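Single-structure report; data block below.
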Amino acid sequence: MTAAALDSLAEERARYVAFVERRVSSRAVAEDIVQEAFVRSLERGGAIRSDESVVAWFYRVLRNAVIDHYRRAGTSAAALAEWARQLDREEAPGPAAEREICACLLAGLGSLKAGYREALETVDMEGQPLAALAARAKITEANAAVRVHRARAALRKRLHDCCQGCAACTCEE
């Protein structure tokens, strides 16, 4: 694409934004679409037919960009709707499953060293911030974050070893 052609496109930017804005939900979306179209035109400037003006070609690029925008929006909406349907079909674990999980969890928690157990009880079970754990254990917040991370990893390993990684744990209560 020639420099003169690029200049003629740049001069009409406001008209292009107005053209796209009439077809989409907001000015910000229109600005984004026009920007994407400018990038496409730089990449594919050689696709202009010899009997076609640069402006006419760019309007075709804009129309395709608007169509692509709606396709992406439709795909995103469909994916979100499917996810919502899946969430509606899923059931929360019942009281029996919660008791099984709690029994394994408490056994694993009891087998951890005291500092790790305190870290998980403070942050995960009591919902306290890392600062509370740091103050209680007389360590820095960064150290508390590391301790919680390591404690979770240790508990995860204990649960995996105890339950053999299965979802249907058969540990006794």
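General remarks:
- Answer residue from the range 18-48, given it is at pLDDT 85 or above and not in a helix (DSSP H, G or I) and is farthest from the chain's Cα centre (by Cα) among those: ARG22
- Residues within the range 122-160 that are among the basic types (Lys, Arg) and buried (at least 19 other Cβ atoms within 10 Å of the Cβ), tallied: 1
- Filter pass, VAL146 being β-branched (Val, Ile, Thr) and either more than 25 Å from ALA103 (Cα to Cα) or modelled with pLDDT of 95 or more (or both): yes
The values are calculated or read from the model by the stated rules, or taken from the named source; none is laboratory data. Not measured: the values here are computed from a predicted model. Positions of Cβ are backbone-derived with ideal geometry, glycine not excepted, and every protein chain shown enters the neighbour counts.
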